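The structure appears below as structure tokens.
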Amino acid sequence: MRLYWEQPYASEFAAKVVRAWSEGDKHYAVLDQTLFYPTAGGQACDTGTLNNIAVLDVREDGKATGDIIHTLTSPLQPGQRVQGCLDWAGRYRRMQRHTAEHILAQAFWRAAGWATLAVNMGSPVCTIDFSGEPDETLIRQGEALANWAVYANTPVKTYLISDSELGNYPLRRAPKVAGQIRVVEIENWDMVACGGTHVAHTGEAGPIKIVKYERYKGGTRVYFMAGWEALETFSAEHALLSRLGEKFSSGILELEKPIGNMRDEWYKVRAENAALKDELAERIMRELLTEFPSLTIWAQVPNAVLDMVGKRLAEWPGVLALLVAQAEDKTRYVLLKHSSRSEDLQVIWDEVLKPLGAKGGGALVKLGVLPLAALHPALDAYKKYLTISR
């Protein structure tokens, strides 16, 4: 018996175990009645406990008519009496999400003629896939209509009909099951076949906020939040904006200007920094070419320009070089050569850097890291190798 249909606001119930079995470390039970809603129709299942045993998952063995299977952390026994307890906070939030989905689906049908193609309400940010093309104006109209339905605080009713009666009920979409059809009706607003759990009045589902939308499979995917989860998000976002307002000495609705100014200044500084690094890398390269007329180079350079100096030297005919730089708690290195040099960088890497704990790789340019303590030993080992190899 599906108690969640008749008693959606209940959080505790008594039941009898009809079937129970285990498969490996997973344990399952079917009860003669349950408040636990199974994952279905885009709505996640309820969680909670049976005799203080955690209910991890709830599935339905057959759409709308099969057994409700509870996945447990410990086994139960057939015939055993159990006391069930739902995670009520989670249940209520899922009721808010699902009712908000119905409200939004009808709102977009009225605002734009969009049909609902798919829904997912498994997390605080839910999605509805609609048949129409993305349109900012229609999105805002749909959101406004949905919240007017929330403010109306109209009753949400559920009842069963037979599929032979369908012609008497203006359902928003055709049901996916036959036989007995469960209808969820939002008075004077929406009517649809649905097996989920819902709040009793639309006011409980609000506020409804569309947080994002995007083109998806030729239609529009709308992301929304509802109820307590929307309020909690608004509260967290307002607190963040208030803190930013204090830092910028600005009202939270005027933050765009100081943040925009800061962004523009940052772009300017970044461009200036790039130009200075480019100039510094060029100067260091020239100094190294002067200091090492044989074009066999070993040197420590600033970490900020290590790659830039290495790139320039690798393009200079006749160059073979090991450059190292201190980068916080490690040493970065560039071992490079111009294609005109005959040396094998892999051999040098194996003989000089690998014994010091080097990591990295490459062909004409080898990049990587060494332990911090290996910075100067790497240069000494490189010089020693060059002396011996000659």
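The values are calculated or read from the model by the stated rules, or taken from the named source; none is laboratory data. Since we're looking at a predicted model, the values are computed, not measured. Neighbour counts are summed over all protein chains in view; Cβ atoms, including those assigned to glycine, are modelled from backbone coordinates with ideal geometry. Ligands, DNA and RNA are stripped out before the accessible areas are found, and what is left, the full protein with its side chains, is counted by its heavy atoms. Shrake-Rupley method; radii C 1.70, N 1.55, O 1.52, S 1.80 Å.
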query: At a probe radius of 1.4 Å, what is the per-residue accessible area of residue 133, in Å² to the nearest 10?
result: 100 Å²
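Given a 1.4 angstrom probe, what's the average accessible area per residue across the range 24-88, in square angstrom? Each step should come with its number before you reach the end.
Working: 2920 Å² over 65 residues.
Normalised by residue count, the accessible surface of the range 24-88 is 45 Å².
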query: So how far, in whole Å, is the C-alpha centre of the range 238-300 from the one of the range 166-217?
result: 52 Å
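Compute the accessible area per residue over the range 91-209, keeping the other protein chains in place, probe 1.4 Å, unit Å².
Values: 4970 Å² over 119 residues.
About 42 Å² of surface per residue is accessible.
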message: Which three extents, in angstrom, do the Cα atoms of the range 1-88 have along their principal axes, listed largest first?
response: 29, 23, 19
task: For the range 294-311, take each phi angle, set θ = phi - 60°, evaluate the Karplus expression 6.51 cos²θ - 1.76 cosθ + 1.60, and give the result in whole Hz per residue in order, putting x for glycine and proline.
output: 6, 6, 9, 10, 9, 6, 9, 10, x, 4, 4, 10, 4, 5, 5, 5, x, 4
- request: Provide the solvent-accessible area of residue 61, counting protein heavy atoms only and rolling a 1.4 Å probe, rounded to the nearest 10 Å².
  value: 90 Å²
- prompt: Helix 375-389 versus the longest principal axis of the chain: what angle, 0 to 90°, nearest 10, using Cα atoms?
  reply: 50 degrees
- prompt: Picking from 228, 218, 238, whose Cα lies most toward the positive end of the charge dipole for the range 181-265 (charges on Cβ: Lys, Arg +1; Asp, Glu -1)?
  reply: 218
message: Which three numbers, in whole Å and largest first, are the semi-axes of the equivalent ellipsoid of the range 115-220 derived from its Cα gyration tensor as √(5λ)?
response: 25, 18, 13
- request: Find, among the chymotrypsin sites (Phe, Trp or Tyr not before Pro) in the range 1-75, those assigned to loop by DSSP (not H, G, I, E, B) with at most 16 other beta-carbon atoms within 10 angstrom.
  value: 9
- line: Among [x] 192; [y] 247; [z] 166, the value of volume of the Cα convex hull per residue in Å³ computed for this structure carries the label [y]
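Can you give the translational diffusion coefficient of the range 246-390 in µm²/s, computed by Stokes-Einstein from the Kirkwood radius over Cα pairs at 4 °C and 1.567 mPa s? Numbers along the way, then the final one.
Numbers: Rh = 17.0 Å.
Once the numbers are plugged in, D ends up at 76 µm²/s.
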statement: Long-range amide H partners of residue 37, meaning residues 5 or more apart or on another chain whose placed amide H is closer than 5 Å, are 46
query: Pick from 233, 137, 220: which is most flexible by mean-square fluctuation in a GNM of the chain where alpha carbon atoms under 10 Å apart are linked?
result: 137
task: Pull up all non-local amide H partners of residue 173: gap of 5 or more, or a different chain, and H-to-H distance under 5 Å with H placed in the peptide plane.
output: 193
query: Using the alpha-carbon atoms, what tilt in degrees (0 to 90, nearest 10) does helix 136-152 show relative to the longest principal axis of the chain?
result: 40 degrees
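Given a 1.4 Å probe and every protein chain left where it sits, what share in percent of the accessible area of the chain is carbon and sulfur? Mind showing how you got there, number by number?
On the way: 10820 of 20100 Å².
Carbon-and-sulfur percentage of accessible area, whole number: 54.
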Fluctuation leader among 147, 273, 52 - the chain, Gaussian network, Cα springs under 10 angstrom: 273
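Assigning unit charges at the beta carbon (Lys, Arg +1; Asp, Glu -1) and nothing else, what dipole magnitude in debye, to the nearest 20, does the chain show about its Cα centre?
Values: 44 positive and 47 negative charges, 151 e Å.
So the dipole magnitude of the chain works out to roughly 720 debye.
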task: Apply the Debye scattering formula to the range 176-237, with a single equal point scatterer on each alpha-carbon and no solvent, then give log10 I(q)/I(0) at q = 0.14, 0.16, 0.23, 0.26 Å⁻¹.
output: -0.62, -0.77, -1.04, -1.06
statement: Comparing 296, 34, 116 in a Gaussian network model of the chain (Cα, 10 Å), the one with the largest mean-square fluctuation is 296
statement: Beyond 31 Å (Cα-Cα) in this structure, taken from 247/359; 330/384; 217/268; 311/354; 212/247, we find 247/359; 217/268
